[in-house]
Amino acid sequence: MNDVEEMEIEKLFPLALTVLVAVCYCNSLRCGLVFDDIAAISDNRDIRPYTPMINVFQNDFWGTPLRKEHSHKSYRPLTVLSFRLNYAVHGLEPMGYHLINIVLHAFVCHLFYKLCLHFLSGTSSLVSSALFAVHPVHTEAVTGVVGRAELLSAAAFLGALLYYIHHRYLPNASAWQDCGVTCILAVFGLLCKEQAITVLAVCCIYELLSPKSSNRIQSIRQLILSRGIVSPWWKDKLLRLAILVSVASLSLHLRWKVIGGKLPVFNRFDNPAAISDSPTRQLTYNYLLAVNAWLLLFPHYLCCDWTMSTIPLVTNVWDIRNFATIAIYISLFYILKATIRFDDDTKMAFLMSILLVVIPFLPASNLLFPVGFVVAERVLYIPSMGFCMLVAQGWNILFERRSSRYLAIFGITFILVIGACKTMRRNADWQTEYTLYKSSLSVNQRNGKLFNNMGQVLESLGRSEEALNHYENARRIEPNDVRSYLNIGRVLTNLRHYKEAEETYRKAQTLLPDPDVESQQEVHVTPSHLQLFLNLASLISQNSSRLEEADALYREALTLRSDFTKAYLNRGDVLLKLNKTKEAEAMYHRALEYDDTNPDLYFNLGVVLMDQGRNAEALEFFNKALDVEPDHEKSLEFSAILMHGSSIPNHRNLAKVRLEKIIYRGKETERVYINLGLVAVDNKNFPSAEKWFRKALQKDPNSREALFNLALLLSEQHRQAEAVFSLDHLLQHYPDHISGLLLLADINVNYLKSLDAAEKCYKKVLKLDPANQKALHNLCVLHFERQDFETAERCFVHTLTLHPGVPYIRDHLDVVRSILQQDQKRVLEHLVPYSVS
């Protein structure tokens with residue numbers, strides 16, 4: 001094959017990479033939003049178009065203000081903006097997010113291929129980039145939507161490195177232009193994820209190791225003999241290094257300022273080695289290098305979460321796992337040693353491979369500073385490029401030997417096929433949270449967090465007993481982790497095992513840090529610690545005699561963290577139960593001082609004012625909640641209820657619009673349908689009203705409001721048989737429903753002419769409510785209809801005694817007495833039963 005033919009074939013390599021990526025990740029389009037996607041996308045208000053754009057640059061990756069103590073300090077505004085663009089196009093539909101990730105991965109593979117061409121042959125570059133494209137360890141970065149941070153930062157990383165290498169030795173190359181464009185791309189990557197800034201370190205080392213100048217010897221000689229006068233070549237090199245280092249330092253300094261000048265505080269269970277003493281901490285962190293290398297070399301056992309006790313600590317030098325650590329450093333030493341005997345191009349290829357493995361991995365290695373995880377597969381996305389280049393160079397050595405060429409071709413084909421199949425199989429694990437945690441637990445039984453997560457999935461599916469078993473396993477693995485106790489207590493509460501739930505919460509309280517013991521140190525209170533107070537107080541508040549005790553727990557939580565808005569919210573609810581309305585209102589206002597972007601706070605204030613009959617003010621707060629979050633379902637519904645009863649023009653139409661908005665978003669409940677039905681009744685749109693009531697019954701076939709309102713509507717339309725059917729269904733499930741009994745009695749009197757059935761209904765009502773005016777009056781009318789005038793008179797007298805201010809009762813009593821004194825037939829026509837409709 002001549003050179004021209006080879007060039008024509010190599011033109012097809014990028015297309016082959018695209019097809020390879022598409023084949024490997026096409027099944028990820030069926031995956032949902034799972035694991036970290038929930039916090040970063042589904043629950044993140046920063047990606048909603050109604051959230052001010054400035055919030056994206058003031059909050060961390062998860063939507064938490066950077067100034068907050070519990071912020072992860074992960075500042076990635078450009079990644080969040082990409083999610084925001086997705087949401088603007090298709091909302092929370094997962095396919096669009098996954099499609100963009102696949103496209104980005106294909107783009108990164110193309111950039112990586114172009115980088116390889118600077119150091120390897122065309123065939124070796126294809127092998128390297130193909131290995132990168134199918135490597136199963138990348139599924140977390142590509143199929144997990146939050147992995148987009150890795151994809152974007154990798155694209156910026158490769159773009160910066162490619163630009164610098166390609167332009168470095170061009171004629172008339174400008175240090176300012178080359179370094180300027182490189183730095184802009186690096187900063188762009190930094191705003192996607194932190195790893196990208198390491199490209200400037202790679203460029204600096206590349207600058208030092210690879211002068212590639214024809215005047216190199218002459219330049220060095222001139223430097224030695226010129227008595228301190230630096231040659232233009234060295235001046236250019238030093239200028240480049242100065243620019244790259246300065247920009248890197250300035251970027252890191254500004255980022256440090258943006259996150260508040262503090263490292264994030266992680267839960268001690270997320271990275272146990274971080275709180276361990278020497279030498280355990282150092283031995284464990286160095287052993288993790290071997291664990292990550294093994295994931296690159298043999299990515300069979302993959303897991304979405306490697307925190308907590310997944311990897312036991314290396315506590316002493318006699319631990320056999322230290323041999324793996326030693327093997328990593330020996331391998332690195334021999335690779336570096338072997339490069340000495342290579343020619344310059346081969347040497348630079350090996351050195352670049354090692355740089356790509358080591359430098360981007362350092363920020364996530366725990367060796368420089370502790371991070372919030374033990375191992376994370378997605379942080380291997382950029383380092384795996386160097387690994388793939390090393391494998392491709394080793395493969396090329398075999399391929400160049402005529403005796404092993406076919407073995408090399410077969411071997412790389414086998415590896416690519418196996419890698420692609422494993423990647424596709426791993427994509428299927430990310431389809432739902434259930435499949436993801438199930439696959440993770442099949443390879444990792446030491447991680448309590450995985451058991452907790454799987455328990456929450458099972459709990460959401462209504463499989464409470466299975467969920468409880470998983471929570472118990474989590475507690476067994478990590479007996480000091482409060483989160484397991486919270487989950488167990490919640491399930492026991494839902495199962496109405498209140499005593500056991502309280503015992504679980506009380507036991508968890510003993511795990512909290514003691515401020516008296518640690519008075520000389522700052523006590524770090526985690527969100528789980530605070531949530532414990534909320535769960536216990538919520539449980540206790542179900543007993544009306546223990547509301548004061550619940551209030552005390554909320555106050556204690558607020559002493560631990562004064563900006564804990566959930567405690568203000570829940571304490572406000574308890575104060576309402578204690579009839580301390582003003583104090584409850586003050587709680588919500590206080591919470592707004594700490595978080596004026598929380599729609600739940602405005603909503604709760606609106607509910608308080610609504611309960612006080614201050615509907616105009618309540619509507620104002622519901623509207624404020626909708627200003628913050630236009631899709632806030634509860635505020636849409638409650639504001640619609642107030643508007644429905646308002647006399648202001650156009651309010652009823654707006655109520656209809658708001659209720660329909662809830663339905664459009666797929667968040668409808670039977671209450672929403674019922675309110676839409678009531679609006680339709682007021683607008684005299686009876687077919688529409690019937691449709692909404694029946695939809696409510698589809699949501700809840702036993703909904704008392706839907707059944708009664710449908711029966712009332714049917715009765716008014718003279719469809720009595722259908723109305724009776726609905727009423728029978730209603731009274732079968734709610735035999736004490738007074739309005740239903742009255743309506744059924746009314747139908748029996750006026751349409752079915754069944755006075756005995758009506759009498760039974762009225763007597764049931766009077767048994768429930770002996771002073772019920774309508775039942776008393778209409779029972780008297782029944783006696784009149786039977787022409788039992790004496791009984792009717794006694795009945796009306798009794799009714800008038802209970803309700804002396806009702807004129808028509810006195811009028812009807814006078815009629816009965818007149819009949820008793822005169823000819824009955826002459827005055828019979830003056831009396832008609834009182835209808836409940």
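The values are calculated or read from the model by the stated rules, or taken from the named source; none is laboratory data. From a predicted model like this one, the values you see are computed outputs, not experimental measurements. For neighbour counting, all protein chains shown are included, and Cβ atoms are generated from backbone atoms with ideal geometry for every residue, glycine included. SASA here: full protein model, heavy atoms, side chains in, ligands and nucleic acids out. Shrake-Rupley method; radii C 1.70, N 1.55, O 1.52, S 1.80 Å.
Mean projected area of the convex hull spanned by the Cα atoms of region 82-183, taken over all viewing directions: 7.8 nm².
Spin-label model, L92/R446: points 7 Å from Cα along the beta carbon direction are separated by 3.6 nm.
Label positions at K235 and D736, each projected 7 Å from the Cα along the C-beta direction, are separated by 9.6 nm.
Its residue count N fixes a reference of 2.2 N^0.38 Å for region 315-387, and the Cα radius of gyration divided by that reference is 1.30. When the alpha-carbon atoms of region 356-509 are used, the pair Rg, Dmax equals 22.8, 77 angstrom.
Taking 15 Å as the cut-off, the amide N atoms of region 522-560 that come nearer than this to a point 7 Å along the Cα-to-beta-carbon line of I275 belong to 522-530.
Each of I335, I418, P94 was scored by the projection of its Cα onto the charge dipole of the chain, and the greatest displacement toward the positive side belongs to I335; charges sit on the C-beta of Lys, Arg, Asp and Glu. Coordinate range of the alpha-carbon atoms in region 345-388 per principal axis, descending: 39, 19, 9 Å. On the beta carbon distance between L398 and N494, with R0 = 51 Å, the FRET formula returns roughly 0.25.
Length gained on full extension, Q787 to E660, computed as 0.36 nm times the residue gap minus the Cα-Cα distance: 40.5 nm.
Oblate is the label for region 664-755. Its Cα gyration tensor axes, ordered a ≥ b ≥ c, give a/c of at least 1.5 and b/c at or above a/b.
For region 1-112, the calculated P(r), taken from all Cα-Cα distances in 5 Å bins from zero up to the bin holding the longest distance, is 2, 11, 17, 17, 14, 12, 9, 6, 4, 4, 2, 1, 0 percent. Distance from the C-alpha centroid of region 405-452 to that of region 71-116: 22 Å, rounded to the whole angstrom. A Förster distance of 41 Å, applied to the separation of the beta-carbon atoms of F342 and L250, puts the FRET efficiency at 0.65.
For region 707-825, averaging the sequence separation of C-alpha pairs within contact (under 8 Å, six or more residues apart) and dividing by the residue count gives a relative contact order of 15 percent.
For the residue pairs K262/K667; K634/K695; K11/K237; K507/K582; K68/K624, alpha carbon separations beyond 31 Å are given by K262/K667; K11/K237; K507/K582. Where does helix 720-733 land angle-wise versus the long Cα axis of the chain, in degrees 0 to 90, nearest 10? Helix 720-733 sits roughly 70 degrees off the main axis of the chain.
Evaluate 2.2 N^0.38 Å with N set to the residue count of region 237-314, then give the Cα radius of gyration divided by it.
Numbers: Rg = 17.9 Å, N = 78, 2.2 N^0.38 = 11.5 Å.
Rg over 2.2 N^0.38 Å, computed on Cα atoms: 1.55.
Taking a ≥ b ≥ c as the square roots of the eigenvalues of the Cα gyration tensor, an a/c ratio of 1.5 or more together with a/b larger than b/c marks region 531-669 as prolate. Once you have a ≥ b ≥ c as the square roots of the Cα gyration tensor eigenvalues for region 499-608, tell me rounded if a/c is under 1.5, and otherwise prolate or oblate according to whether a/b is larger than b/c. In terms of gyration-tensor shape, oblate. How fast does region 722-816 diffuse by Stokes-Einstein, in µm²/s, taking the Kirkwood radius from C-alpha pairs at 37 °C and 0.692 mPa s? Approximately 242 µm²/s, per Stokes-Einstein. In the frame of its principal axes, region 137-193 has Cα extents of 44, 20, 9 Å, reported largest first. Couplings for region 540-556, taken from phi via the Karplus curve 6.51 cos²θ - 1.76 cosθ + 1.60 with θ = phi - 60°, read 5, 5, 5, 9, 4, 7, 10, 5, 5, 5, 5, 4, 5, 5, 5, 5, 5 Hz in order; Gly and Pro are left as x. Note on I320 and R810: the model spin-label points, each 7 Å out from Cα along the C-beta direction, lie 10.1 nm apart. Heavy atoms of the protein chains alone define the surface here; on that basis region 57-198 has 32 Å² accessible area per residue at 1.4 Å probe size. Taking the inverse of the mean reciprocal distance over all distinct Cα pairs, the Kirkwood hydrodynamic radius of the chain comes to 32.6 Å.
Cross-link partners of K257 among aspartates and glutamates, defined as those whose alpha carbon lies under 19 angstrom from its own and excluding same-chain residues fewer than eight positions apart: D60, E69, E194.
Remark: region 620-635, residue by residue, has Karplus-estimated 3J(HN,Hα) of 4, 6, 4, 5, 5, 4, 6, 5, 6, 9, x, 9, 5, 4, 5, 5 Hz, where x stands for each Gly or Pro and the curve is 6.51 cos²θ - 1.76 cosθ + 1.60 at θ = phi - 60°. Full extension of the chain segment joining K763 with L85 gains 237.7 nm, where the gain is 0.36 nm per residue of separation less the Cα-Cα distance.
Using a probe of 1.4 angstrom, how much of the accessible area of region 1-133 is carbon and sulfur, in percent? Ligands and nucleic acids excluded, carbon and sulfur give 66 percent.
Full extension of the chain segment joining N172 with R506 gains 112.9 nm, where the gain is 0.36 nm per residue of separation less the Cα-Cα distance. Using every pair of distinct Cα positions in region 621-681, the Kirkwood expression returns a hydrodynamic radius of 11.3 angstrom. Rounded to the nearest 500, the helix-only mean residue ellipticity at 222 nm of the chain stands at -21500 deg cm²/dmol, with each DSSP H run of n ≥ 4 adding -39,500 (n - 2.57). With all protein chains kept in place, the per residue accessible area of region 391-530 amounts to 55 square angstrom at a probe of 1.4 angstrom. Here the Karplus relation 6.51 cos²θ - 1.76 cosθ + 1.60, evaluated at θ = phi - 60°, turns the backbone of region 91-103 into coupling constants of x, 9, 5, x, 4, x, 5, 5, 4, 4, 4, 5, 4 Hz, with x for every Gly and Pro.
A Cα-only calculation for region 161-203 places Rg and Dmax at 10.6, 34 Å. Applying 1/(1 + (r/R0)^6) with R0 = 45 Å to the Cβ-Cβ distance of D728 and R45 gives a FRET efficiency near 0.45.
Against the chain, whose longest principal axis comes from its Cα atoms, helix 704-716 is set at around 50 degrees.
For a quick protection proxy, order the peptides 526-534, 693-701, 743-751 by their average other-Cβ count within 10 Å, most packed first.
743-751, 526-534, 693-701
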